[in-house]
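Asker: Sharing a structure, written as structure tokens. Questions coming.
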Amino acid sequence: MTRVFISRDSTVLSLGANQVASALQQACESGGLNVEIVRNGSRGLFWLEPLVEVETTAGRVAYGPVQSQDIPALLEAGMLEGKEHPLYLGNIEELPYFKDQNRLTFARVGITDPVSLDDYLAHEGYRGLRNALDMSPQDIVQQVTDSGLRGRGGAAFPTGIKWNTVLNAPAEQKYIVCNADEGDSGTFSDRMVMEGDPFVLIEGMTIAGLAVGATQGYIYLRVEYPHAGAALNEAIEKAYANGYLGDDILGSGKSFHLEVRLGAGAYICGEETSLLESLEGKRGLVRFKPPLPAIVGLFGKPTIVNNVISLASVPIILDKGGEYYRDYGMGRSRGTLPLQLAGNIKYPGLFEAAFGLTLREILYDYGGGSASGRPIRAVQVGGPLGAYVPESQFDTPLDYEAFSAISAVVGHGGIVVHDDTVDMAEMARYAMEFCVEESCGKCTPCRIGSTRGVEVIDRIVEGRQKDMNTQLLRDLCDTMINGSLCAMGGMTPFPVLSALNHFPEDFGLDKASDAA
Amino acid sequence: MQDYHLQKNVVAKILAEHESMPGNLLPVLHGIQDALGYIPTEAVADIADALNQSIAEIHGVISFYHYFRQTPPGKNTIRVCRAESCQAMNGKTLEEHAKKQLNVDWHGTSADGEFSLEPVFCLGNCACSPSMTVNNEVYGRVTPERFDEIIANYRGAVE
């Protein structure tokens with residue numbers, strides 16, 4: 001029996017992985033070859049996908065990118081014995097793009113069968129939970145605090161402090177809510193972990209429940225991710241069946257229940273209070289803070305709301321200790337971040353690295369420059385509310401504070417690359433238009449400011465009273481930043497102002513008037 | 001438009017299944033849209049009744065979320081991504097091509113009833129932009145030519 005791995009990750013499916021798998025299946029059946037096809041996650045090297053990895057006596061050997069019509073020739077060349085072929089790549093783990101990573105959260109993604117509990121256990125799964133079951137809630141929270149883990153969703157709030165608040169909030173019922181409404185363009189790390197290693201998220205949430213005394217968890221998943229939903233539900237079912245979820249976790253007498261709930265295509269529901277409203281079955285209107293969700297959260301009870309990657313980073317922290325995790329990174333940005341390279345880039349994909357790489361290293365050493373071969377002109381980091389970074393700032397290290405110093409955000413680690421054909425006035429206008437479409441409408445700066453923002457940008461581009469309208473746009477952005485209830489209105493000016501400051505010529509403005 | 005009389009039982013069954021679930025409105029709406037393809041206007045009163053909320057509240061929730069629809073979709077729903085990553089890879093050309101080929105604008109259904117066209121903000125397939133989905137299938141690196149091939153396959157499949 002030869003084991004062959006072909007990914008079930010959405011992006012790989014979008015490139016024809018199912019066709020490759022069925023072509024291989026058919027060829028093996030008709031040729032009497034004894035092959036087991038494992039549908040794994042993706043290692044994140046998407047320009048090489050669909051990847052076919054064969055388990056040989058000398059380790060895993062990869063071929064890619066493979067299309068279904070390549071299968072007969074590959075078999076003929078001796079793919080099942082790991083022999084040479086033009087698509088031969090050798091061991092993926094030896095490629096620089098993979099080898100230079102620090103895979104902590106993504107340690108198993110692309111390697112294991114995502115929905116096999118046995119495979120999870122065989123690859124160090126559930127060791128963090130076993131440790132946590134022997135610890136006091138305070139000690140679990142202390143490990144997370146010591147790790148330096150900060151929210152990977154955007155605000156970068158220290159996770160340990162949030163957990164401690166919920167731990168100390170007296171209540172009969174508490175909740176763990178996983179924000180799986182990853183809606184930022186250029187980000188797909190949540191999707192990849194949920195599709196490629198759903199048990200790690202389940203384990204992280206279970207540990208969070210033990211840490212603060214919450215017995216119910218919800219994964220609020222965006223409806224655009226049907227494959228992630230299927231993988232999560234299958235894994236949750238297995239976790240229940242084997243005593244990893246339920247009323248008596250591994251005989252400890254402690255309980256934790258978990259359910260996936262679907263969103264319905266509203267970007268604002270990625271904001272934590274909107275998300276809670278949506279989970280309660282309402283429109284996703286932002287709530288006033290305080291009270292914080294940690295005190296008054298879901299159904300009015302103390303609630304941890306954490307992003308997928310934050311929660312999926314918890315098992316390794318509880319397995320290897322807070323210090324192990326903290327030793328990666330720089331400054332106050334500890335541990336690793338799964339970076340996602342997208343847009344106009346030669347080698348798009350996901351790689352997990354300790355904080356501190358510069359944008360230039362990411363774009364050129366990993367990304368290989370633009371896909372079009374033209375110069376990279378602007379890079380948007382951290383989703384549609386993130387700033388556009390110009391070439392002059394590419395040496396900024398990826399670190400929350402360093403990005404903050406150039407009025408940019410790291411956010412969720414998504415990096416969208418644009419070459420020199422991009423029209424930055426158009427991108428600024430789009431940012432405002434997006435806010436018009438996605439604002440929950442609760443507060444005026446965001447609801448009305450975004451509509452006026454589109455109009456003012458149009459007037460500048462048309463050349464009508466340029467100076468006055470440019471000042472008006474800056475004032476409007478200032479109002480949105482300082483007057484909005486949440487990050488939707490408060491950060492929409494980031495892409496707009498960065499475009500205006502770094503690329504004024506695209507607005508028909510004098511480059512010399514650059515206010516940056 | 002179907003006669004609601006026939007759909008009413010489906011709605012009642014879904015409401016009954018979710019009766020004791022906390023925060024059940026979104027799961028109910030998903031259930032109805034999964035079963036019927038849309039949320040019939042007449043169902044709003046039944047939902048409001050079962051959940052002890054006003055019709056305005058239920059309507060407010062349905063209209064707030066982009067995913068829910070109140071008219072029947074075409075046989076296949078195409079969702080084209082309009083987010084920045086796809087824009088960086090000629091997504092706008094794909095958007096225009098899709099509209100032209102189907103002769104519809106966003107939220108429209110082609111005259112033959114085969115395809116509904118919806119805009120979507122990010123499918124998480126940003127590493128292979130531009131992207132789109134047809135029903136639940138994701139397609140990456142979609143050029144106008146590839147769009148035509150994909151659509152032709154669906155057209156063939158339903159006939």
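The values are calculated or read from the model by the stated rules, or taken from the named source; none is laboratory data. Everything numeric in this text was worked out from a predicted model, so none of it was measured. Here the Cβ is made from the backbone with ideal geometry for all residues, glycine too, and neighbour counts use every protein chain on show. Remember, those area values only see protein heavy atoms, side chains included, never the ligands or the DNA or RNA. Shrake-Rupley method; radii C 1.70, N 1.55, O 1.52, S 1.80 Å.
Asker: Roughly how big is the range A:333-426's charge dipole about its Cα centre, with Cβ charges of +1 (Lys, Arg) and -1 (Asp, Glu), in debye to the nearest 20?
Answerer: About 140 debye.
Asker: Show which aspartates and glutamates lie in cross-link reach of B:Lys100 when reach means a straight Cα distance below 20 angstrom and same-chain residues fewer than eight apart are skipped.
Answerer: Reachable aspartates and glutamates: B:Asp112, B:Glu114, B:Glu118, B:Glu145, B:Asp148, B:Glu149.
Asker: Related question: Grab the other residues whose beta carbon is less than 12 angstrom from that of A:Thr11, score K and R as +1, D and E as -1, and report the net.
Answerer: +1
Asker: Another question, if that's okay. Once you charge only the Cβ atoms, +1 for Lys and Arg and -1 for Asp and Glu, what is the size of the charge dipole of the protein assembly as shown about its Cα centre, to the nearest 20 debye? Before the final figure, lay out the partial values.
Answerer: Details: 54 positive and 85 negative charges, 216 e Å.
Dipole magnitude for the protein assembly as shown comes out near 1040 debye.
Asker: Does the range A:95-245 come out rounded, prolate or oblate, given a ≥ b ≥ c as the square roots of the eigenvalues of its C-alpha gyration tensor, rounded meaning a/c under 1.5 and, failing that, prolate meaning a/b above b/c?
Answerer: rounded
Asker: Residue by residue through the range A:408-413, which ³J(HN,Hα) values in whole Hz follow from phi under the Karplus form 6.51 cos²θ - 1.76 cosθ + 1.60 (θ = phi - 60°), with glycine and proline marked x?
Answerer: 10, 10, 7, x, 8, x
Asker: Residues with beta-carbon under 13 Å from that of B:Glu42, excluding B:Glu42: net charge, scoring Lys, Arg +1 and Asp, Glu -1? Could the numbers behind the result be given before it?
Answerer: Values: positive: B:Lys8; negative: B:Asp3, B:Asp46, B:Asp49.
Around B:Glu42, the charge tally is -2.
Asker: Report, to the nearest 10°, how far helix B:91-102 tilts away from the longest principal axis of the Cα atoms in chain B, using its own Cα long axis and a range of 0 to 90°.
Answerer: Tilt of helix B:91-102: around 70 degrees.
Asker: If each of B:Ala35 and B:Gln70 carries a label point 7 Å out from its Cα toward its Cβ, how far apart are those two points in nm?
Answerer: For B:Ala35 paired with B:Gln70, the spin-label model returns 2.0 nm.
Asker: Rounded, prolate or oblate: which fits the range B:25-66, taking a ≥ b ≥ c as square roots of the Cα gyration tensor eigenvalues, rounded meaning a/c under 1.5, else prolate when a/b beats b/c?
Answerer: Cα axes put the range B:25-66 in the prolate bin.
Asker: Only loop residues by DSSP count here, and only those with at most 15 other Cβ atoms within 10 Å; note down the GluC sites (Glu not before Pro) in the range B:16-99 that meet that.
Answerer: B:Glu19
Asker: Ok, one more. Counting protein heavy atoms only and a 1.4 angstrom probe, how many square angstrom of accessible surface do chains A and B bury in total, to the nearest 100?
Answerer: Summing both sides, the interface buries roughly 3600 Å².
Asker: Run the helix sum for chain A: -39,500 (n - 2.57) per DSSP H stretch of 4+ residues, divided by residue count, reported at 222 nm to the nearest 500 deg cm²/dmol.
Answerer: My calculation for chain A gives -11000 deg cm²/dmol from helical runs alone.
Asker: Students often get this wrong, so check it: of A:Lys282/A:Lys442; A:Lys442/A:Lys466; A:Lys346/A:Lys511; B:Lys75/B:Lys99, which have C-alpha atoms separated by over 19 Å? Can you show the working numbers first?
Answerer: Working: A:Lys282/A:Lys442 14 Å; A:Lys442/A:Lys466 31 Å; A:Lys346/A:Lys511 30 Å; B:Lys75/B:Lys99 17 Å.
Over 19 Å apart, Cα to Cα: A:Lys442/A:Lys466; A:Lys346/A:Lys511.
Asker: In whole Hz, what ³J(HN,Hα) sequence does the range A:188-204 give by Karplus (6.51, -1.76, 1.60; θ = phi - 60°), x for Gly and Pro?
Answerer: These are the phi-based 3J(HN,Hα) values: 8, 5, 4, 4, 5, 6, 5, 7, x, 7, x, 4, 5, 6, 4, 5, x Hz.
Asker: Distance from the Cα centre of the range B:1-75 to that of the range A:15-32, in angstrom?
Answerer: The range B:1-75 and the range A:15-32 have Cα centres separated by 41 Å.
Asker: Any idea of the accessible area per residue across chain A, 1.4 Å probe, to the nearest Å²?
Answerer: Details: 18140 Å² over 516 residues.
On a per-residue basis, chain A sits at 35 Å².
Asker: From the backbone phi of the range A:325-330, what are the Karplus-calculated ³J(HN,Hα) couplings (6.51 cos²θ - 1.76 cosθ + 1.60, θ = phi - 60°) in whole Hz, Gly and Pro given as x?
Answerer: 3J(HN,Hα) across the range A:325-330, in whole Hz: 5, 5, 5, 8, x, 9.
Asker: Among DSSP beta bridges lying fully in the range A:1-127, give the percent that are antiparallel, nearest 5.
Answerer: 70
Asker: Would you please classify the overall shape of the protein assembly as shown from the alpha carbon gyration tensor, given that a ≥ b ≥ c denote the square roots of the eigenvalues, rounded means a/c under 1.5, and beyond that prolate means a/b larger than b/c while oblate covers the rest?
Answerer: It comes out rounded by the Cα gyration axes.
Asker: For chain B, modelled as a Gaussian network with Cα springs under 10 Å, which listed residue fluctuates most, B:Tyr38, B:Tyr65, B:Tyr139?
Answerer: Highest fluctuation of the listed residues: B:Tyr65.
Asker: Mean separation of Cα pairs under 8 Å and 6+ residues apart, divided by the residue count of chain A: what relative contact order is that in percent?
Answerer: Working: 1108 pairs, mean separation 69.4, N = 516.
Relative contact order comes out at 13 percent.
Asker: How would you order A:149-158, A:186-195, B:114-123 from highest to lowest mean count of nearby Cβ atoms within 10 Å?
Answerer: Ranking the peptides A:149-158, A:186-195, B:114-123 by packing returns A:186-195, B:114-123, A:149-158.
Asker: May I ask which residue of A:Gly59, A:Ala17, A:Leu74 lies farthest towards the positive end of the charge dipole of the range A:1-119, with charges of +1 (Lys, Arg) and -1 (Asp, Glu) on Cβ and the Cα centre as origin?
Answerer: A:Ala17
Asker: Placing +1 on the Cβ of each Lys and Arg and -1 on the Cβ of each Asp and Glu in the range A:367-501, which of A:Gly449, A:Met488, A:Phe403 has its Cα farthest towards the positive end of the resulting dipole?
Answerer: A:Gly449
Asker: Report, in degrees rounded to the nearest 10, the 0 to 90 angle that the Cα long axis of helix B:55-64 makes with the longest principal axis of chain B.
Answerer: 20
Asker: Let me ask you something else. So what's the angle, to the nearest 10 degrees on a 0 to 90 scale, between helix B:144-158 and the longest Cα principal axis of chain B?
Answerer: Value to nearest ten degrees: 50.
Asker: Something else about it: Under unit Cβ charges (Lys, Arg +1; Asp, Glu -1), what dipole magnitude, rounded to 20 debye, does the range A:47-132 have relative to its Cα centre?
Answerer: Dipole size: approximately 400 debye.
Asker: For the range B:26-159, what mean projected area does the convex hull of the alpha carbons give, in nm²?
Answerer: Seen from a random direction, the Cα hull of the range B:26-159 projects 8.5 nm² on average.
Asker: Please give me the summed charge of the neighbours of A:Ala402: other residues whose Cβ is under 11 Å from its Cβ, Lys and Arg +1, Asp and Glu -1.
Answerer: -2
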